[in-house]
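Working notes for the structure below.
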Amino acid sequence: MASNILIKRSTGATAPGTITYGELAVTIGGNGTQANADDRLFVGDNNGAAQIVGGKYFTDMLDHVAGTLTGSSAVIVDSNSKVDNWNVDDININGNTITTGTADTDVILAANGTGKIVIQDGQELEFGTTGDLEFVFNDSDAVLDIKRAAGTPDLRVADDVRLYFGTNKDGGIRYDETSLDKVRVDGADWEFDNQVAVKIADSTASTNSTSGALQVVGGVGVGGKVSAGSLLVEGDAQIGDAPGDALTVNSTTTFQNGVTFNGTTTIQGNIGQTGEFTIDQLKMDGNVISTTAGTEMIIDPYPAGGDAAGLVIIKGDLQIDGTTTTVNSAEMSVNDPTIALGDPTTVLTNTSSSASGQADVVVDKVTGISAGDSITSASGVPGSTTIASINTGTKTLTLSANLTGTLAAGTTFTVTRSANDALDRGVKIHYYDGSNSKFGFFGFDRSGGADGLGAWTFIENASDTGGVFGVTGQRGTVVLGDLELDTDLEVQFGGTGASTFTTNGIIYGNTAGALQVTAAANIASPGTGTDATTSYQILTVTSAGVPVWTNTIDGGTF
């Protein structure tokens, strides 16, 4: 049966005299006016006074079409948050038009104090009913645009009206109609910034200092070079007449024939060279740096500091194709958010030519690959080819299909792991316990877990049989802060402290002890047993604070 929640109620037209803090009350006489308290909803404040919070009297004011301005009623906007019109004193707003209610009355826009009348970015200020002239501030370009429709008047500045620049009228420009009949610039000098060319299209020839397309009363200073078309020097040319003279060339220079440098050559810029470049036993060719003798290449950023000094920085990704990578530093820092172990692909290099029709291929390494793995990305290897067997001594792969073309020495191809190598993946940690050197393992045990299908694990004292880790002593204890996962999970660590709970009971706290639970709701015989005296199963508490059930919350009458 549904529960009943009753509040204080009256058919009178006065507010309740006494009402508890937070208690509700209602008058339902049906004659509510502004002068009485009928058809009102009240709630008690913290002083026991009845405060009006709503009621039928107020909701009746909302009983009209949304969006239509209605006299003696509340304003209700429509689904677009609008009303059909709006009146404020002598101003009427209707559609997109603001008008005055009295004929021949001005509309005044005025900001209080130092406030401003602002036209926002991208909004146009138009003159003329068809947009003859428009002002708009373009925020993306930070510029005030003045636009006009075709055939309409220009923006005109009257004769002898000066357009000033600068807070203190530092410079100006005007059409001097009265005395010179010319456009004049006065005040501050004019400067054209870099990349701004000045072109005078007037072709008037010059016969003296006061004629020509460009006339300068004073002198002319040129801080840079003067260009006069192209420059061609035929035959031999010598620049400078003494060893101390310098030639500076700021442009790209092309030498069509051989160049001989006598003396020491110092290059402070870049060198662009095509072809092989060899220095001692190092060779650079294309994008490959290699040695011309020996099997080692040493990068030492600071030889004077010994083997552990200096810093080598590699920008971009780093790929190491060898079989063993040794790091002898005291500390290693990796900023990658993830570390990938057990790459599913391996790139191999054919070390000797393999003829078409044969199945054996000799490669540079066999570490990390297994029989059954797939071979891709190699010309002469048929599709869906796998590794049938591996000879680790000779590093020979026997393929599942014969080659359809010659596989030249130095050819690279990709092996994708398709066979289950049954190897674990994780981190092997070496340590010394004071008596013996041991190692632990943290990672994915391929055969771990109760079902034997794999599990994440930590082995404190481990054994390693070819990449398969086992338990020599015991599995390790995992501790997260104060939480140790091999002990019971107590309430302080987010547990419950109890193994079972009453069916349909309600759980409640018991400080740091195990959680408690109420009895199940007594649906068959409400009001008996541990239930409240009258109950249709609303959860409340007794005076002792113990959760119990009831069915009615009644505020009474006034």
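Annotations for the structure displayed:
- When residues of the range 511-528 are limited to those that are loosely packed, with under 14 Cβ neighbours inside 10 Å and free of Cβ contacts under 8 Å to residues at least 12 places away in the same chain, the one farthest from Val548 (Cα to Cα): Thr511
- Count - residues of the range 142-153 that are under 48 Å from the mean Cα position of the chain (by Cα) and either at pLDDT 90 or above or of a type outside the set (Val, Ile, Thr) (or both): 7
Residues are listed down the side, and each one gets a yes or a no for (1) over 21 Å from Val65 (Cβ atoms); (2) in contact (Cβ under 8 Å) with a residue 12 or more places away in the chain; (3) among the small types (Gly, Ala, Ser):
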| position | (1), (2), (3) |
| --- | --- |
| Lys82 | no, yes, no |
| Trp86 | no, yes, no |
| Ile91 | yes, yes, no |
| Asn96 | yes, no, no |
| Gly101 | yes, yes, yes |
| Val107 | yes, yes, no |
| Ala111 | yes, no, yes |
| Ile117 | yes, no, no |
| Glu124 | yes, yes, no |
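- Hits in the range 96-136 - residues which are among the hydroxyl-bearing types (Ser, Thr, Tyr) and either over 47 Å from the mean Cα position of the chain (by Cα) or over 13 Å from Lys147 (Cα atoms) (or both): Thr97, Thr99, Thr100, Thr102, Thr105, Thr114, Thr129
- Residue tally, condition touching a Leu at 6+ places or on another chain (Cβ under 6 Å) and in a loop (DSSP other than H, G, I, E, B), over the range 124-143: 0
- Selection of the range 70-100 for residues being assigned to a loop (DSSP other than H, G, I, E, B) and touching a strand residue (DSSP E or B) at 6+ places or on another chain (Cβ under 6 Å) yields only Asp90.
- Scan of the range 170-222 for residues that are of a type in the set (D, E, K, R) and in contact with a strand residue (DSSP E or B) (Cβ under 7 Å, 6 or more places away or on another chain), ordered by number: Asp170, Arg174, Asp176, Lys182, Arg184, Asp186
- Of all residues in the range 10-52, those that are surrounded by 17 or more Cβ atoms within 10 Å (Cβ to Cβ), among the small types (Gly, Ala, Ser) and in a loop (DSSP other than H, G, I, E, B) total 4.
Condition check ((1) touching a Cys at 6+ places or on another chain (Cβ under 8 Å); (2) in the same structural domain as Gly383 (by TED's automatic domain parsing); (3) closer than 17 Å to Val468 by Cα; (4) free of Cβ contacts under 8 Å to residues at least 40 places away in the same chain) across all residues:
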site: Lys395; (1), (2), (3), (4): no, yes, no, no
site: Thr398; (1), (2), (3), (4): no, yes, no, yes
site: Ala401; (1), (2), (3), (4): no, yes, no, no
site: Thr411; (1), (2), (3), (4): no, yes, no, no
site: Tyr431; (1), (2), (3), (4): no, no, no, yes
site: Phe441; (1), (2), (3), (4): no, no, yes, yes
site: Asp445; (1), (2), (3), (4): no, no, yes, yes
site: Gly448; (1), (2), (3), (4): no, no, yes, yes
site: Thr457; (1), (2), (3), (4): no, no, yes, yes
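- Test for Gly357: is it in the same structural domain as Gly410 (by TED's automatic domain parsing), out of contact with any Ser or Thr (no Cβ under 7 Å at 6 or more places or on another chain) and surrounded by fewer than 12 Cβ atoms within 10 Å (Cβ to Cβ): yes
- For the range 4-27, filtered to residues that are in contact with a Ser or Thr (Cβ under 7 Å, 6 or more places away or on another chain) and small (Gly, Ala, Ser), the residue that is nearest to Ala74 (Cα to Cα) is Ala13.
- Residue in the range 329-344 that is surrounded by 10 or more Cβ atoms within 10 Å (Cβ to Cβ) and among the hydroxyl-bearing types (Ser, Thr, Tyr) present: no
- Residue match in the range 155-177 (condition: surrounded by 11 or more Cβ atoms within 10 Å (Cβ to Cβ) and in contact with a Pro (Cβ under 8 Å, 6 or more places away or on another chain)): no
- Residue in the range 346-371 that is farthest from Gln319 (Cα to Cα), counting only those that are part of a loop (DSSP other than H, G, I, E, B) and in contact with a strand residue (DSSP E or B) (Cβ under 6 Å, 6 or more places away or on another chain): Ala359
- Residue ID - nearest to Arg425 (Cα to Cα), chosen from residues in the range 455-467 that are surrounded by 13 or more Cβ atoms within 10 Å (Cβ to Cβ) and modelled with pLDDT of 90 or more: Asp464
- Any chance Gly115 is part of a loop (DSSP other than H, G, I, E, B) and modelled with pLDDT under 90: no
- Flag for Asp121 being among the charged types (D, E, K, R), exposed (fewer than 10 other Cβ atoms within 10 Å of the Cβ) and part of a loop (DSSP other than H, G, I, E, B): no
- Condition check for Gly310: assigned to a loop (DSSP other than H, G, I, E, B), out of contact with any Ser or Thr (no Cβ under 6 Å at 6 or more places or on another chain) and at pLDDT below 85: no
- Filtered residues of the range 365-388 (kept if among the small types (Gly, Ala, Ser), closer than 20 Å to Thr406 by Cβ and buried (at least 16 other Cβ atoms within 10 Å of the Cβ)): Ala378, Gly380
- Residue satisfying condition, being touching a Ser or Thr at 6+ places or on another chain (Cβ under 8 Å) and on the phi > 0 side of the Ramachandran plot, within set Gly30, Gly44, Gly48: Gly48
- Filtering the range 245-303 to residues that are exposed (fewer than 10 other Cβ atoms within 10 Å of the Cβ), of a type in the set (A, V, I, L, M) and either in a strand (DSSP E or B) or on the phi > 0 side of the Ramachandran plot (or both) leaves Ile279, Val288.
The values are calculated or read from the model by the stated rules, or taken from the named source; none is laboratory data. Bear in mind the structure is a predicted one, so any value in this text is a computation, not a measurement. We place every Cβ from the backbone using ideal geometry, glycine too, and count neighbours over all the protein chains shown.
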